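Comments concern the structure below.
The values are calculated or read from the model by the stated rules, or taken from the named source; none is laboratory data. Just so we're clear, the structure is a prediction, and the values are computed from it rather than from any experiment. Using ideal geometry, Cβ is built from the backbone for each residue, glycine included, and neighbour counts are taken over all protein chains shown.
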Amino acid sequence: MAILRVGGTAVDYELGLLKKILALLDMELSQVNAAIKQSQDPESDGLLDLGEFLIGSGFVAVQRYINSTRVDFGVSKEDAYDKPPMFNKSISTVAAINAIANYWKHSSDWDERERKGEEPSEQGSSKWTIQHLESVGDLNDYPCANALALMSPGKDLALSNLTSVLIEWREGLWAGRSGTAE
């Protein structure tokens, strides 16, 4: 879906769709967080896994937006993933989001290999994902939730917090593409 400019303002239909999906996931996540506070053992109750599932799904939806936007702008993955805002000194927030989404989508493959006594693949996209996950930080047992918490300091644990980062990133892509952010 193309992003249009009207009077210098971005008309980003796909971001609107993403915001709706993230809002739905955030409503569910809010209920899970409330249940976690009430639970004596949220892990045994499956609440932490449910939260991780919701957040992982949200990261995949955000990844879809990122890739759709960069393709619309004619920007390579490498260039798009290097653009600010930066998550830390070694990785952009968009690259971190992409790595978390890839982790969420492919971690079952890695678990299968581990059960067979094999290491996760050290080639191609698996290697890239592992390297980028390590750049994000110590994500431990619930990497999607931990990454979202790191990306939302001082804010509620909500996927919608990522939209401001996406807008900043999109505007940087636009400026690099057209020479001006309009």
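Look through E168, E182 and report the one residue that is at pLDDT 90 or above, over 14 Å from the mean Cα position of the chain (by Cα) and within 27 Å of D12 (Cα to Cα). Don't jump to the end; show me each part of the working.
Details: E182 fails: at pLDDT 90 or above.
Answer to the check: E168.
In this structure, does S68 turn out to be among the polar types (S, T, N, Q) and either in contact with a Gly (Cβ under 6 Å, 6 or more places away or on another chain) or exposed (fewer than 13 other Cβ atoms within 10 Å of the Cβ) (or both)?
Values: among the polar types (S, T, N, Q): yes; either in contact with a Gly (Cβ under 6 Å, 6 or more places away or on another chain) or exposed (fewer than 13 other Cβ atoms within 10 Å of the Cβ) (or both): no.
No, not satisfied.
Considering region 5-44 alone, what residues qualify as being assigned to a loop (DSSP other than H, G, I, E, B) and in contact with an Asp or Glu (Cβ under 9 Å, 6 or more places away or on another chain)?
G7, G8, S39, E43
Looking only at region 53-97, which residues are in contact with a His (Cβ under 7 Å, 6 or more places away or on another chain) and assigned to a helix (DSSP H, G or I)?
Answer for region 53-97, where residues must be in contact with a His (Cβ under 7 Å, 6 or more places away or on another chain) and assigned to a helix (DSSP H, G or I): A95, A96.
Let me spell it out: the conditions are (1) at pLDDT 95 or above; (2) within 21 Å of L150 (Cα to Cα), and D82 meets all of them except one. Which number is the exception?
Here D82 clears every test but (1).
Please find, among S126, S92, the residue that is crowded, with 16+ Cβ neighbours inside 10 Å, modelled with pLDDT of 90 or more and in contact with a helix residue (DSSP H, G or I) (Cβ under 8 Å, 6 or more places away or on another chain).
Values: S126 fails: modelled with pLDDT of 90 or more.
The conditions single out S92.
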